[in-house]
Structure formats: C-alpha cells, structure tokens
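Accompanying notes for the structure given below.
The values are calculated or read from the model by the stated rules, or taken from the named source; none is laboratory data. From a predicted model like this one, the values you see are computed outputs, not experimental measurements. Every residue, glycine among them, receives a Cβ derived from its backbone with ideal geometry; neighbour counts consider all protein chains shown. Each accessible area value is taken on the protein alone, full model and side chains, heavy atoms only, with ligands, DNA and RNA left out. Shrake-Rupley method; radii C 1.70, N 1.55, O 1.52, S 1.80 Å.
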Amino acid sequence: MGTLTRETKVTLLYIAIAFLFSVAVRMIWFYQFADYELFKFNSQFMINTNDGYYWAEGARDILSGLSQENDLSPITTAASQLTAFFAFILPLSFESIILFMPVVLGSLVVVPIMLIAKSLDNLELGLVAALLASIGWSYYNRTMIGYYDTDMLNIVLPMFLLWSIIWAIKTNEDKYLLITALDILIYRWWYPQSYSLEFSFFGLILLYVLIWDRKNIYNYKLLAIMMFAMIGLEGYIRAVLVLGVFYIYKQKQFDKYVYYVLALSIALFFASGGFNPIWSQLKGYVFKDAVTVGKEGLNLHFYSVMQTIREAGHIPFEMFANRISGHVVTFVVSVGGFIYLAYRHKIMLFGLPLIGLGFLAYVGGLRFTIYAVPVLAFGVAFLITEIARYMPTIRLKFLTITALTLAILYPNIAHVQDYKVPTVFNADEVKVLDKLKDIAQREDYVAAWWDYGYPIRYYSDVKTLIDGGKHSGAVNFPVSFILTHPQEAAAKMARLDVEYTEKTFKFIEENRELIRDKNLTIFSNIEQMTKDNGFNDTNDFLLSLESDMELPKKTRDIYFYLPYRMIEIYPTVEMFSNINLMNAEMKKRSLFYVTKMFKQEQNIVNLGQGILFDIQSATITINNQKVPIKRFVQTSYDKSMKFSKNIQIANASASVNIIYMSSYNTFLVVDEKTYHSLYIQLMVLEEYDRALFEEVIMTPQAKVYRLRV
Ligand code: MN
C-alpha cells in the first residue's frame, strides 16, 4: 500500500465508508422482520419482487443443468447467469444469494460516483453524493434487500459508463477507449434495453466533438469503438470487434485510418440493423394504434393488460421530487447545484442523459426516476462542499459538511424505515408450492393467474400458461375464463388451452422460416380452438363448451393453483374473459364484493360501502336497494383444520349470495355467475365435480386440484 498516493488512499477509504453505509441501511428491513417467520423459506427471507422469480428459475436451471424446451426458463439471460455463477462459487444458500445480490451489487454505485468525483479533484463531493445516491428514495426501493431484479446493476453500469466517458474526454488516455467499450458490452449483456441510454451518450459526445473539439483524433476513436460495441450483432462478435479495433488504435501508424474505422463502424451499424430497436420503439410512440390483425383471422378483440394498470397520468411534483432526492427541498437544491456544478465543470454535462431519462418519469411513469438519483446527488453534494469551502477553520468545514449531509440523508433513511414491503408470497403459500414440486412432473402445467406464474415455476418447477412477462389479453383470456366460469366449461378450457399452447410451441419450431420470411400468422389459442371445432364465431364455440365435445388428447397433467389472496383481484381476473371477443364489447360486470371490515348490530351486518345484510329477513341492501338473497353460506375450519360449510337457501328465485368465510374473517357478496365460478366453488367452498377434479393439496392459504379430463 506504500506506493498508493494519498489521494488514492482517501478515495478507497471513502468508497469503503459509502459502500458499508449503503449495505447497513439495506439491512434495516432485514432486522425489522428478523423474527417474522411468514417471510421465510428454507430459514432465509424470500424475495419481495415478483420478477425476481423469473431470474431465479433461470439460475436454478443453469445450476442443475436441467432445462426443457419451451419451459420459458431464462437460462440465457445475464441476471440468471450471474446468479448461477455466484451460487456456484459462494458458500451460501441459493435463497441467500438472491436475497443479498441487490444489497451488494446495488451498493456498487458508490464506486463510479467516487471515481467521477476524483476527476473533479473533490473527493468530499464524491463521498456526500455517494452516501445520498446509494440510499436515495427510488434507488433504494429498486435495489433494497430482496429486490432481486436487473435494477441492481441498471444504474451502476451507466454510472461506470459516465465515469469512463468523462475520463476519456478529460485525459485522452487509450485505456478509457477500451473501458468505455467494455462497459457498453457488459451493460447491453445485462440489460438489452440499454441501447437508448448508450445512444444518448453517443449523441452527446458527437455533439461535443462537432462543436468544440473537431480536430482531436482521439474523439473519433472513442466514437468508433463505442459504435462497434453498440452494433446489432451478437455480444461475442462485438467483443472481438472492440478488441480488434483497440489493437489497431494502439499502432500509431494506423492513426490516419481512424476516419475509415469510424465510417466502417457506422456502416456496420446500419447494415446489422442496429437502428431497428430504436426505430421500432419510435414507431411504438408515434403510431400507437398500428396493431393490425391478420386478414384470414377472426379479428378477435382482447382485453389489454394496459387497461388494468393505472394510467401513468400526472405524477404529483412532490412525489417525483421525493423519489429522486428524498425531499422537495433537496431536489430543488440538487437541480440548482447541478447547474452550478456543470457551469464550473462542463464535463459533468455528460450526465444529462441520465437526468433526462429520470425526468421521463413525468410522462413515462415513476419507474424512470432512479436514473436521475446519482447525477442529481452530485448537485446538492457540490453545493455542500462549496459552502464548506467558505468556512474559516477545518473543524467548521467538517461540521458543516456533516450537518448538511445528515440533513439530506435523513428523509431518505426515514423512508427506508417506513418502507416495510412484504415478500411476494408468504411461507404457507410457498409450502404448498414446494410440496407440489414433488407431486407434479416438470412437463405438467399449473393453471393460475399471471401474478403467480414466476413463483409457481420457481418453487414447483412446472410449466405455466401465463406469467409476469406473458400476459397479453389473448393468453390471459383462457385462464381468466377457467377461473371465473363453471366447472365443466373451465375443465374443458384448461385441457384445450394447455394442449394448444404446446401445439403452438411445436408449430412455431417447425415453421421458423415460414414465420420469419412469409410473415406467417400465429393465431391465438382461442381462435385456433374456435376454427378447429368448426365455428367462425367464438361465442358459439364458448357456448359449445357446455355440451359434449371431443377434447384433444391428454399429454400431461394439469393442476389448478387457487390461493386465498386471489380473492382481492377476482374482479380484475374476470375482466379478461368478460369481453365479447367478436366485437370488443365489455359485458356487464359481475357482482363481487369482498370485505374484512364488518360489524354486526343486532340483526344487521354492516359490510361497509352502504351494504347491509339483514339476517332476519334474509335481504341485502346494495345501492339503497333492498333485495332478497338466494344463499347464505358459512365456511369454517375447526381446531384440527377440517374444513366445513353450511349452505342455507333463503330464496331460490333470488340471485345474490352471501358467503361468510368465518376462519378468514371475510364476507363475500356475489351474484350467481360468480358463485358458480371455478374459483369460488373449488377454493372458497371446496365444492367440486369428482369426475372433473381431484384434491391434491388443501390448505387455508392455497388449494391445489388436479384435472381429471
Ligand atoms: Mn422447468
């Protein structure tokens, strides 16, 4: 260590301090829930982001070497590969690896921040910015412990890119050409959507070169090697090209060819279709409704997921500011500070693409704010160090920096303490899936709503029809239909949808060329079923499910995963099949009301929202209208967890049913259609047709049935 300069030693010390601070703050959640067994599986905390189970499935399959065709397991993705690598070399359980990866990788953001500050000769600026950025509100939310998703490196990698660009432009040293290109390669490997940010950096450098530094040959080398790293070819080909170009750069006699190298890189970029992803994204923005349906198709209309996710709309300024800096005041000061910083150090203007992407949150949704967190942290940190500069003594300088830093950190730490997010599933639900793993075969299907797709595949190692990435209106329709329709139609639809899903995989495999060259249309399962059964109106086909029909040959088992928690989203689940596919007309919404907040006053049970259940007269008041009820059902578990139900028919001609799930402290008010749905019958009432279904795992939290047809 004797050879290190004082500056290097301080840099390393500050990196260590900021890194440990970032890790320590992320451990708050861990200690808050230390004794909470419902969040644990295999004596470790489970993760708290649904998508994480996708990468975890891929990593699990890489490690075991077992991957099947069409299981949708992401074994070729960077996140899964890196996870498998860590799990392979580290003496920790797999659950611990995925829990802590965001803690460690997310905290790495302090490294490029310190290195950028070093280039500004202001290490204290770096330390303050690193402390703030590492736990900044939205950055914390997306890199907290258990938030196992690509976010854990999605800011770290572009910050390294910013650092190497700044050092390249400032020093014109050869090594930064290579580092910049390698960073782009890694960033693209990790997050294929990264090209928009890469191009913004490229464009900004080009602008800078054309306006201020046209004669410097180094700049053209930088642009060319960046372009080689960005062209539309496989990662390893780009890596070879980058190394080759770097080798040429090192030979001074080739300097006169630099412009040809740049021209070649741009030509290759267009030839390899490097512009396509940008073009298709632009098209998506400009021609929003350009989605067309094949001519020979039935022109079916599906309900879109976008319609259920709340429109981004207008984000309140305060929320936007909090997400970026932790507090409105800090945010305003940070913006002012960044402007001043950029005025004093023009090089910091290269941080603009990150700020710009962060500000996209105003139109594109909150998820973008994290991009602005670290660069704007430089703004307020710079002002703090500037104020400290005017202090007469070292002691006062130190006190000023400490006090102001604590002030900007405080709202963010307070947020961390309040942000008690639950794990995706609880221990009871996971026990069911873990048990199912030993019962179901790897090629069997589990029918469940898409929210549960990734975790089901991870814990039970089965196939699913829909998941966090596969949930368009067309694939959701059959699953929604299964869950919200009567048992016979649901059973047939389940068999049909699974066999058609597998058939479609095969069809795509066998016709790869035709699909690519001739634009062969792949019809939705439901459309194909309609046509194969001789109908050209899907409504007629759906009606035919209620009568005898020939089902496709059974190739595997199908299970139904029915968790209690689905009760909360039942109306949303129903939407996807509550549409007339032929003309896009939404059907009348079913009556579905669920509550855990109710109180009884003599004979009246007040269910909230003005809904009153009169036990004596067996009537219910909804929307100020008193109507008779058809059934009153009470379910319960006794001490030995035996399920029982009591059904009283009050008025056979009525159509409203009340279900009191006493052990769940839950009241349900449903119409006849909902009452007869597979979900209510199998999950809530355990009332099923023995010819169609059999019990597999029955717990209060989740029930699993097997299809018998
Ligand atoms: Mn599998």
Exercise for review: Would you mind computing the Rg to Rh ratio of the chain from its alpha-carbon coordinates, Kirkwood style for Rh?
Suggested key: 1.02
**Study point:** Fully extended contour minus Cα-Cα distance, from L38 to L352, at 0.36 nm per residue
**Key:** 108.7 nm
Revision key, fill the gap. Residue span L20 to L264: 0.36 nm per residue of separation minus Cα-Cα distance leaves a gain in nm of 83.3 nm
Practice item. Once every Cα of the stretch 1-148 carries one equal point scatterer and solvent is ignored, give the base-10 log of I(q)/I(0) from the Debye formula at q = 0.11, 0.20 Å⁻¹, two decimals. Key: -0.52, -1.14
Check your understanding: What residues of the stretch 556-571 lie in the reach of a label at R706, counting those whose backbone N is under 15 Å from a point 7 Å from the Cα along Cα→Cβ?
Key -> 556-561
Point to revise | Antiparallel bridges, percent of DSSP beta bridges restricted to the chain (to nearest 5) | key: 80
Practice item. Can you tell me the relative contact order of the stretch 435-564? Whole percent, Cα pairs under 8 Å, sequence separation 6 or more. Key: 29
**Study point:** Neighbour cut-off at most 14 other Cβ (10 Å), DSSP loop, chymotrypsin sites (Phe, Trp or Tyr not before Pro), the stretch 25-80
**Key:** Y36
Point to revise | Largest to smallest principal axis extent of the C-alpha atoms in the stretch 503-634, angstrom | key: 71, 30, 29
Review point. Nearest 20 debye, what's the magnitude of the dipole of the chain about its Cα centre given +1 on Lys and Arg Cβ and -1 on Asp and Glu Cβ?
Key: 2080
Review point. For the stretch 106-143, list residues with backbone N below 17 Å from a point placed 7 Å from the Cα of R389 toward its Cβ?
Key: 117-129
Point to revise | Using a Förster distance of 25 Å, the FRET efficiency for S304-T76 (Cβ separation, nearest 0.05) | key: 0.30
Review point. Within the chain, which is the longest segment containing none of the GluC sites (Glu not before Pro) that sit in a DSSP loop and have at most 12 other Cβ atoms within 10 Å?
Key: 312-545
Point to revise | Accessible-area order (highest first, 1.4 angstrom probe) of the listed residues Y236, Y419, Y675 | key: Y236, Y419, Y675
Check your understanding: In nanometres, what is the gap between the two model label sites at L4 and M698, each 7 Å from Cα along Cα-to-Cβ?
Key -> 6.5
Practice item. Might you work out the accessible area of K503 for me, using a 1.4 Å probe with all protein chains in place, and round it to the nearest 10 Å²? Key: 110
Practice item. First measure r as the distance between the Cβ atoms of N539 and V328, then evaluate 1/(1 + (r/R0)^6) with R0 = 56 Å and state the FRET efficiency to the nearest 0.05. Key: 0.55
Study note, to complete from the structure: With all protein chains in place and a 1.4 Å probe, H301 shows an accessible area in Å² (nearest 10) of 60
Exercise for review: Heavy atoms only, probe 1.4 angstrom, no DNA, RNA or ligands counted: give me V684, V709 ranked by accessible area, highest first.
Suggested key: V709, V684
Check your understanding: With labels modelled as points extended 7 Å from the Cα through the Cβ direction, what inter-label distance (nm, one decimal) is found for E550 paired with S196?
Key -> 5.0
Check your understanding: Among F382, V421, N48, which residue has its Cα positioned farthest towards the positive end of the charge dipole of the chain, with +1 placed on the Cβ of Lys and Arg, -1 on the Cβ of Asp and Glu, and the dipole taken about the Cα centre?
Key -> F382
Exercise for review: Run the numbers on the chain and let me know its relative contact order in percent, using alpha-carbon pairs under 8 Å that are six or more apart.
Suggested key: 12
Review point. Tell me, what ³J(HN,Hα) does each residue in the stretch 100-115 have, in order and in whole Hz, if you take phi through Karplus 6.51 cos²θ - 1.76 cosθ + 1.60 with θ = phi - 60° and put x for Gly and Pro?
Key: 8, 3, x, 4, 6, 5, x, 6, 4, 4, 5, 5, x, 4, 5, 5
Study note, to complete from the structure: Zone reached by a paramagnetic label modelled 7 Å from Q609 Cα along Cα→Cβ, restricted to the stretch 565-601 with backbone N below 15 Å, covers 567-575, 589-599
Study note, to complete from the structure: Stretched fully, the stretch from S663 through K437 gains (0.36 nm per residue minus C-alpha distance, one decimal, in nm) 78.6 nm
Review point. Largest first, what is the accessible-area ranking of R6, R495, R690 with a 1.4 Å probe?
Key: R6, R690, R495
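Pick out, in residue order, every one of the chymotrypsin sites (Phe, Trp or Tyr not before Pro) in the stretch 558-612 that is DSSP loop and has at most 16 other C-beta atoms within 10 Å; say none if there are none. Please report the intermediate quantities before stating the final value.
Working: sites: Y559, F560, Y561, Y564, F576, F592, Y593, F598; in loops: F576, F598.
Within the stretch 558-612, the qualifying chymotrypsin sites (Phe, Trp or Tyr not before Pro) (loop, at most 16 other Cβ atoms within 10 Å) are F598.
Over 19 Å, how big is the tail of the calculated P(r) for the stretch 591-707, in percent of all Cα pairs? Display every interim value, and only then the final one.
Details: 3220 of 6786 pairs.
Value for the stretch 591-707 (Cα pairs over 19 Å): 47 percent.
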**Study point:** Rg and Dmax of the stretch 435-564, Cα atoms only, in Å
**Key:** 15.1, 47
